[in-house]
1. Please compute, for peptide A:10-18, the average count of beta-carbon atoms on other protein chains lying within 10 Å of each residue's beta-carbon.
2. Which whole-Hz couplings ³J(HN,Hα) result when phi for each residue of the stretch A:226-234 is put into the Karplus expression 6.51 cos²θ - 1.76 cosθ + 1.60, θ = phi - 60°, listed in order with x for Gly and Pro?
3. For the stretch C:6-21, what does the Karplus curve 6.51 cos²θ - 1.76 cosθ + 1.60, with θ = phi - 60°, yield as ³J(HN,Hα) per residue in whole Hz, taken in order and with x for Gly and Pro?
4. Using DSSP to call loops (not H, G, I, E or B), can you name the trypsin sites (Lys or Arg not before Pro) in the stretch A:175-238 whose Cβ has at most 11 other Cβ atoms within 10 angstrom?
5. On a C-alpha basis, how far is the centre of the stretch A:21-77 from the centre of the stretch C:113-178 in Å? Whole number, if you could?
6. Any idea how far the Cα center of the stretch A:94-167 sits from the one of the stretch B:243-282, in Å?
7. Using a Förster distance of 41 angstrom, determine the FRET efficiency expected from the C-beta separation of A:Arg191 and C:Leu12, and round it to 0.05.
8. Mind listing which trypsin sites (Lys or Arg not before Pro) in the stretch B:255-313 are in a DSSP loop and have 14 or fewer other Cβ atoms within 10 Å?
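Just so it is clear, none of the values below were taken in a lab; they were calculated from the coordinates. Note that the coordinates shown come from a computational prediction; the quantities given were computed from them, not determined experimentally. Cβ atoms come from the backbone with ideal geometry, glycine included; neighbour counts cover every protein chain shown.
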Amino acid sequence: MAEPILSIRDLSVDYVSADGPVRALDHVSLDLMPGEVVGVAGESGCGKSTMAQAILRILPPPAVISGGQVLFEGRDLLAMDEGALRRMRWERIAMVFQSAMDALNPVLTVGEQIADTLRAHGAAPSGRAARARAAELLGTVGIHADRLESFPHQLSGGMRQRVGIAIALALDPALVILDEPTTALDVIVEREILEEIQELQRKRGFAVMFITHDLTRMLQFANRVAIFYAARLVEVAPAGELRMAARHPYTQGLLRAFPSVHGGDVDLSSIPGSPPSLRSPPRGCRFHPRCAVAVDLCREREPELVALGPAHAAACHLVTG
Amino acid sequence: MTAPASRRSTGARAWLDAIRRDRKASVGALILVLFALLAVVGPLLVGDPTALVAVPLEPPSSAHWLGTTGQGQDVLAQTVVGTRVSLLIGFAVGIVVVLVGSLVGVTAGYFGGRVDGMLSLLFNVFLVIPGLPLAIVLAAYLPSGPLTVAAVLVFTGWAWNARVVRGQTLSLRRRDFVLASVVSGESSLRIITREILPNMTSLLVAQVIGSSVYAIGALVGLEFLGLGDVSSVTWGTNLYWASNDSALLTGAWWTYVPTGVCVALVGFGLVMLNSGFDEITNPRLQMERAWRAHLAAAGQPASRSTPVVVRDG
Amino acid sequence: MRFILQRLGFYLLAAWAALTLNFFLPRLMPGDPATALFARFRGQLRPEAMQALREAFGLTPEPLLGQYITYLGHVLRGDFGVSVAYFPSPVSTIIGTGLLWTMFLAGTAVAVSFVLGTLLGVAAAWWRGGWMDTLLPPALALLGAFPYFWLAMVALYVFGFQLAWFPLGHAYADDLTPGMNLPFLASVLRHAALPVGTVVVATLGGWMLSMRNTMVSVLGSDYVNLARAKGLPPSRVVLRYAARNALLPSVTGFGMALGFVLGGSLLTEIVFSYPGQGYLLLQAVQSQDYPLMQGIFLVITLAVLGANWLVDIAYLWLDPRTREGS
């Protein structure tokens with residue numbers, strides 16, 4: 001079996017507040033193979049976006065990484081100095097942000113924002129070459145080159161997100177992290193863009209970490225899916241296996257909540273209650289207050305991730321391999 | 001539905017504790033308390049500031065710690081006595097400026113539409129007309145006296161507060177608890193006084209502090225030009241006389257340095273108090289402070305990339 | 001274009017408001033404004049002169065509206081009346097000589113202070129928690145708390161009298177002929193150094209603090225985060241992404257601060273006997289030369305409004321989002 005391109009081991013992230021640190025990501029381990037599409041799902045605040053930004057180490061204060069390793073192509077990103085990190089960013093790992101409206105600089109043109117990425121990494125010998133390459137990149141996401149001179153506010157939401165994708169692909173990265181890339185868009189544009197990304201991924205073969213709270217889309221796109229709950233990884237399995245045989249009660253609830261046909265609004269009513277506060281998570285399994293099948297043990301001890309098959313694992317006292 | 005305003009229940013005591021814990025706020029508060037004491041009891045401890053006690057322009061000595069003015073008055077007595085009137089007018093103007101500004105700002109922000117359009121236009125016009133020249137012309141026309149100066153300063157200074165309070169009202173107006181009160185048919189006056197203003201308390205306190213800085217500075221400036229009552233003893237008139245008596249040409253620095261230092265210390269105290277309040281009430285600053293402390297405890301620099309601080313191995 | 005015209009409309013309205021205010025000012029005085037206004041000069045001025053003054057102010061027996069129209073007509077033709085102290089010189093002539101000096105002094109001071117303060121703010125935000133961020137702001141706040149004119153007095157005493165590094169007053173040495181020659185320009189700069197310096201020192205802290213605070217919030221924005229993720233060099237992230245955006249609110253503030261800084265600059269002129277509007281204003285106040293005072297107020301207001309409009313145009317250039325519809 002090939003070496004994973006990205007190997008997250010025991011990664012923990014804290015948000016420091018005046019009342020002490022709050023753990024937003026708790027001992028998470030996850031591998032990505034080259035060219036693999038891994039989906040990461042969970043309710044908002046479960047730690048999925050925190051993990052994405054922690055990988056690139058761009059989480060702003062008051063976040064600190066409190067432990068673990070992020071091995072990328074064998075090197076630990078958490079042990080790198082600023083210079084090495086800067087080269088690693090975008091040349092090897094790129095990211096599409098949640099809201100392209102907020103992620104694009106409002107005072108620079110689209111062309112400038114693509115070109116400066118190329119120039120910063122020496123990927124274009126001259127300003128002219130950078131512009132030509134930027135035009136080409138816009139072309140790959142279906143935007144005409146005359147949009148190079150446009151400012152972000154002059155583009156539609158879908159176009160802005162396409163620009164975000166073009167920027168992500170600028171340096172031919174080995175891994176692209178998609179951090180809920182379509183939440184701000186309407187359903188039709190969302191589907192178009194996801195299909196485009198899928199096609200680009202097939203053509204270029206980069207690995208993808210696809211973060212979303214929309215399980216249905218993810219199951220269509222991802223090879224493997226990881227489910228997060230309250231800062232922890234609770235289940236990971238190949239997409240097909242997860243759909244047919246999810247083992248964690250939370251995953252099962254999520255699957256019931258997202259009908260396989262696109263049927264309007266998300267309905268989480270099959271899981272009563274809401275995720276716990278990370279400031280004071282419940283004792284034992286963090287899901288037990290919402291779990292229909294919880295037993296005494298769930299209230300006492302926190303479950304470990306247990307292997308249930310070659311690529312399937314879940315953290316629940318009620319499942320055994 | 002009740003407004004989440006009632007932070008007042010924590011009381012003045014909580015505020016005092018918070019001030020004590022914040023370095024800037026304590027420095028500011030300490031300076032202001034000292035000057036308040038000086039204004040209240042100071043005049044009782046020094047002699048008549050207008051009495052001609054010695055030879056004019058005598059440098060500081062054991063008899064006259066801060067020397068004498070161009071007319072032979074005691075500079076220390078003048079500075080101390082000047083504190084009372086200057087601070088009284090300054091803070092009074094600061095408070096009235098915020099009252100007027102808030103009234104206009106809340107009205108504009110709450111009622112919106114045409115009312116907002118007219119009032120916003122009014123304060124925006126006042127904001128671009130340079131205040132000091134207008135104040136000078138106004139003060140020159142009106143009969144001189146402390147009330148005139150105070151009125152002129154309110155007239156030229158209210159617009160900024162109106163603008164800030166309007167913005168804050170607009171955002172509160174859209175909040176659920178206000179909308180609920182509007183729907184339940186409560187009177188506008190009640191909503192403004194019970195729901196909106198209480199939720200702006202910390203903003204209004206900051207505005208009073210900021211306006212007092214403006215008022216004291218402008219007051220001293222107008223009096224320096226001779227537009228106050230030049231026969232009274234205030235910080236501004238002290239500087240007016242120092243300049244009139246050619247203190248500069250004779251090198252009599254002691255006639256204007258003490259007053260200037262007092263003005264600056266009061267202004268500095270107010271600014272520190274305000275930025276201290278900001279540190280106390282701004283959750284973002286609080287968080288960042290905690291973050292820095294967390295890194296410092298681990299002996300880590302605050303790196304640009306997310307720092308790695310391993311505590312639990 | 002629409003934005004520019006909209007702003008122009010607003011400034012015209014503000015100018016009209018200032019004109020109207022100016023018209024009503026003399027009428028604030030108790031009793032007959034004309035009598036009160038020129039009481040000091042009764043007997044000194046010939047009746048024809050008195051009549052000219054009354055007309056310039058619109059203080060005629062006409063009804064108020066008629067007076068107002070007469071007054072507007074005079075002002076629009078640039079006729080602000082006749083100075084009482086410098087009789088019979090027209091106010092416009094007297095103001096004209098000092099206006100350039102005032103604009104030079106205040107303009108230089110505000111520009112230097114804005115640029116320097118903004119750069120310091122960027123630096124403080126970039127090196128969060130460093131000495132520039134922790135020690136400099138309170139130090140500058142203390143300096144900014146002194147009255148401008150008081151700082152000017154101290155600067156004059158220390159650097160003018162004691163050290164004799166700079167001249168004691170006026171805009172240039174008496175023995176030079178004004179013109180585009182090197183000795184004259186050098187003299188102008190030497191004379192402007194202290195007044196400009198005091199205003200800069202007094203206002204630096206404000207610009208620094210406002211830029212720093214905006215920088216801090218912009219540095220937490222998604223687009224700065226993306227710039228970092230893109231692996232751009234730190235200097236580029238700070239300047240082209242963070243500072244370039246953080247500048248926008250500061251520029252808006254710049255327009256608003258103009259009038260305020262100008263006020264302080266006028267007082268500073270007085271201390272340095274600088275031949276600008278401030279010095280004139282003081283003389284007008286001391287000799288109760290109301291026509292001159294009002295003329296100065298109007299001209300200064302118009303200058304500030306014009307400068308504000310230029311700032312709006314600069315803003316348009318800086319923020320592409322306001323360019324829509326042009």
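1. Values: counts 0, 0, 3, 2, 4, 3, 10, 6, 7.
Mean partner shielding for this stretch: 4.
2. 10, 10, 10, 9, 6, 6, 10, 7, 10
3. Coupling constants for the stretch C:6-21: 4, 5, 4, x, 4, 5, 4, 4, 5, 5, 5, 4, 5, 4, 5, 4 Hz.
4. none
5. Their Cα centres are 49 Å away from one another.
6. Centre-to-centre (Cα) distance: 52 Å.
7. 0.20
8. Sites meeting the loop and neighbour criteria: B:Arg311.
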